[in-house]
Amino acid sequence: MVHCLWGPMGWLFLPVWLFVLTTGCAKDETTDPPVVPPVTLTKTIKGKALFPIGAAVTVAHLKESDFSATLKGNFNQLSAEYEMKMSNIWTSASAYSFSNTDYLVDYAQQNNLKVHGHTLLWYQSFPEWFITAAYDSANFENSVKTYILTVVSKYKGRIVSWDVANEIFADNGSLRVDATVYKSFKDPIGFYGRCFKYARSADPDVKLFYNDYDQVLNGSKRNAVFNMIDRFKKEGYPIDGIGDQFHTTTWTNKTTISSGLTDLARKGLLIHISELDIRVNQDKSSSYVFTAAEMQKQADMYAAVVAAFESLPQSQKFAITTWGVSDKYTWLTGWWHPLEYPLLFDKTYAKKKAYEGFLSGLK
């Protein structure tokens, strides 16, 4: 990199200096990301928050020393990114693979972290053997009941909460017609209610959540969830909380976030921001640069999301969970764009401005 300097004899080199100023330095400013010093803070997010701060993890990532140290230093709860989903546990009608789940739960206990179970039922995680079995509704439900009782009871007292059901509503608030459950039951909501009941019977103390995306931003989906909750309460099905995934962006309207989150809490249930990350590359551009200004936008959005959560009644604040720890490992570089930087730590595990923003949003 060319350095533009002005020393005591600089006037002797004025023509050269002007050429460098208009070429070399300008080029650096448009092609190189700015060098931003690491954020230095005296407090951690888990140390300041009056509710759990979680992160999604995998077994492989926990075995990396930098990842593990960052998790333990800044978070006090974890969710499995994918290793607690049905297709990863339920290997046949009578066989289960608990090795990864055991590792996650054991790691959490050894390091004083809580575990949020994610997730018992998701339309994309039914095992292939289960789908091809083509059960009728009675055998379908009996098999799922056995699965829920087996998994939840195994970790009774060690997993504090479960997403019992995940993403059962389409964006317009209707039930997902592509879901295995929809195809098997005339009354899918009744089936899901009974699944909440099975989970409660396996562990009377565990907190039971419904989890979905865009409930805060999408009134149609939020109303569908409210209708389900009302029915659950009327018919005696247990539900303790709502998880909104909160895969959001720097260009999302902050007022809409605040009002939607407030509305989501009006049923009086626990609220979990369950899969938080904040995209920055709005146009999915291959020339995108994560500049200091872009970093500040992201920090401001993290502050706004956390502040909106903090405005809820204290008794309803279950947790905020980021979907990952470091930009080194984020699903968004595959799903959204390779130039994406959505989390609180950069690829070297240094705290970003986003971390400062999250911290500033806490009371």
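The values are calculated or read from the model by the stated rules, or taken from the named source; none is laboratory data. What you see is a predicted model; the values in this text were computed from it and never measured. Note that each Cβ is placed from the backbone with ideal geometry, even for glycine, and that neighbours are counted across all protein chains shown.
Data for the structure
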read-out	value
Test result for Val57, of a type outside the set (Ser, Thr, Tyr), over 25 Å from the mean Cα position of the chain (by Cα) and either modelled with pLDDT of 95 or more or surrounded by fewer than 19 Cβ atoms within 10 Å (Cβ to Cβ) (or both)	no
Only one of Phe191, Phe169, Phe232, Phe209 that is over 23 Å from Leu78 (Cβ atoms) and within 24 Å of the chain's Cα centre (by Cα)	Phe169
Close pairs (8 angstrom Cβ cut-off, 6 or more residues apart or separate chains): under 16 Å from Thr119 (Cβ atoms) and free of Cβ contacts under 8 Å to residues at least 60 places away in the same chain in segment 142-156, crowded, with 21+ Cβ neighbours inside 10 Å and small (Gly, Ala, Ser) anywhere	Ile148/Ala199; Val152/Gly117; Val152/Ala199; Tyr155/Gly117
Number of the condition not met by Ala299 [criteria: (1) among the small types (Gly, Ala, Ser); (2) in a loop (DSSP other than H, G, I, E, B); (3) surrounded by 19 or more Cβ atoms within 10 Å (Cβ to Cβ)]	(2)
Segment 258-287 - residue that is of a type in the set (A, V, I, L, M) and in contact with a Ser or Thr (Cβ under 7 Å, 6 or more places away or on another chain) and, of those, farthest from Phe169 (Cα to Cα)	Val280
Those residues of segment 157-180 which are within 21 Å of Leu113 (Cβ to Cβ), buried (at least 21 other Cβ atoms within 10 Å of the Cβ) and touching a helix residue (DSSP H, G or I) at 6+ places or on another chain (Cβ under 9 Å), in sequence order	Ile159, Trp162
Residue in segment 261-271 that is among the charged types (D, E, K, R) and assigned to a strand (DSSP E or B) present	no
Residues that are touching a Lys or Arg at 6+ places or on another chain (Cβ under 8 Å) and crowded, with 19+ Cβ neighbours inside 10 Å, drawn from segment 106-121	Ala108, Leu113, Val115, His118, Thr119
